[in-house]
1. Compute the FRET efficiency between residue 184 and residue 15 as 1/(1 + (r/R0)^6), taking r as their Cβ-Cβ distance and R0 = 60 Å, and round to the nearest 0.05.
2. With a 1.4 Å probe and every protein chain kept in, tell me what percent of the accessible surface of the chain is carbon plus sulfur.
3. For the chain, what is the accessible area per residue in Å², given a 1.4 Å probe and the full set of protein chains?
4. What's the ranking of 182-192, 30-40, 282-292 by average number of surrounding C-beta atoms within 10 Å, highest first?
5. Counting only residues 5 or more places away or on other chains, whose amide H sits under 5 Å from the amide H of residue 10 once H atoms are built in the peptide plane?
6. What is the stretch 34-279 by shape, rounded, prolate or oblate, if you read a ≥ b ≥ c off the alpha carbon gyration tensor as root eigenvalues and call it rounded for a/c under 1.5, prolate for a/b larger than b/c, and oblate otherwise?
7. Using mean Cβ contacts within 10 Å as the protection proxy, how do 352-359, 380-387 order, highest first?
8. Looking at the chain as a GNM with Cα springs under 10 Å, which of 49, 197, 311 has the largest mean-square fluctuation?
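The values are calculated or read from the model by the stated rules, or taken from the named source; none is laboratory data. Small disclaimer: the values here were computed from a predicted structure and weren't measured. Cβ placement follows ideal geometry from the backbone for every residue including glycine, while neighbour counts extend to all protein chains displayed. The area values use the complete protein model at the heavy-atom level, side chains included, leaving out ligands, DNA and RNA. Shrake-Rupley method; radii C 1.70, N 1.55, O 1.52, S 1.80 Å.
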Amino acid sequence: MDHFLYRDGALCAEDVPLAEIAATVGSPFYVYSTATLLRHFQLFDEALDGTDHLICYAMKAASNQAILRTLAQAGAGMDVVSVGEYLRARAAGVPGVRIVFSGVGKTAEEIRVALVGGIRQFNVESEPEMEVINAIALELGKVAPITIRVNPDVDAKTHAKIATGKSENKFGIPIARASAVYAQAAALPGLEVVGIDVHIGSQLTDLAPFETAYRKVAELTERLRAEGHDIRRLDLGGGLGIPYTRSNEAPPLPMEYGALIKRTLGHLGCEIEIEPGRLIAGNAGLMVSKVIYVKSGEGRDFLILDAAMNDLIRPAMYDAHHDIVPVVEPEPGVEPQPYDIVGPVCESGDTFAKARMMPPLAAGDLVAFRSAGAYGAVMSSEYNSRPLIPEVLVHGDQFAVIRPRPSFDEMINRDTIPPWL
Ligand code: LLP
């Protein structure tokens, strides 16, 4: 569910017409709906009702501080994967005790910053990392709370680039080695083992892989408890998929996911953490872009937009589908026609969609990419010296620019010329 609907023929974000935002900030831009962000957060909260839980929003999905603060004020914690994310979450007002630190390559400096600043737990991904955290904690006179991320060797049945729970992936420690690694952790005085962490991948559209993984976590919890570890917290990662097309996809709902968690793990009496990113932010954001030219090619028409792969890389990187809709609602009965929808960047990979059926469009028309709130703005770059596009947050009938479009000078003047030139 989202709050991007046509009203009187104009596509709106909540109560604000997108054309009005475009008139203020120019195009392209990202726009997020507060009501949708909060609704998605609440769906998870309700799904875990009756359990002791914390929803740690995976802020890699969309990390603008205005989004973080919106969610944090509703009760969210954060899942961070770099010190940059940690500092951004803190700047947005999230206390350290509500931040979990994931990631396969945390550096000593990152660990130090989080330990000094306060952290709920590190999700440890390897034995060498465990030793570094221990050493830094001892040096600081602290005890670092940790979980250990186990790799359950489960096929998440998602795109290969975003599956993480198979034994060939770089993530976690093999579940078969868990007893040994937990014993090693328990012997390190700078660490306090609080639980288990697992995350098997992203954009999962079936609950079965979660079920397999969570059953393995349940077994492991009992085994580790029998071995003397006080396993009291389970971090179950993120990964619940979203519909990217309006027509035929119906991924499981948070309520079904919550029921699965309770069914597989509820009897253990652990505190539950989850780390959803995409489901909270994905359908809470659009990217709006303008048609620059309509070009007739050999047997096809191209819509050349002012947004490009540097602004939204998902189609180029994962062959991802995003619904693209006109900002002015087509009149009933208008015959759609196929377009190849592309950006201005100088490579053929800069293609958003091929033979996409759209109502006839002309230069100057605005279009909106749906489901672009997660892994959209955060993965953008300045490739082709194109400044990062602005982000806007809507709240009812209000909107605010939450990241302005940089000027060309701001972008260019970050370069420095060495003295010999
Ligand atoms: N927790 C961990 C440890 C993760 O690595 C991720 C995502 C999440 C939580 C959140 O997963 P979500 O609920 O958003 O599925 N750029 C890709 C997605 C990469 C996901 C990486 N890890 C895309 O655009 O599809």
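1. Numbers: r = 56 Å, r/R0 = 0.93.
The value I calculate is 0.60.
2. On the way: 9580 of 17760 Å².
For the chain, the apolar C and S fraction of the accessible surface comes to 54 percent.
3. On a per-residue basis, the chain sits at 42 Å².
4. Working: 182-192: 16.9, 30-40: 23.3, 282-292: 25.6.
Going from most to least packed, we get 282-292, 30-40, 182-192.
5. 329
6. Working: a/c = 1.64, a/b = 1.21, b/c = 1.36.
It comes out oblate by the Cα gyration axes.
7. Working: 352-359: 16.5, 380-387: 14.9.
Highest mean packing first, the order is 352-359, 380-387.
8. 49
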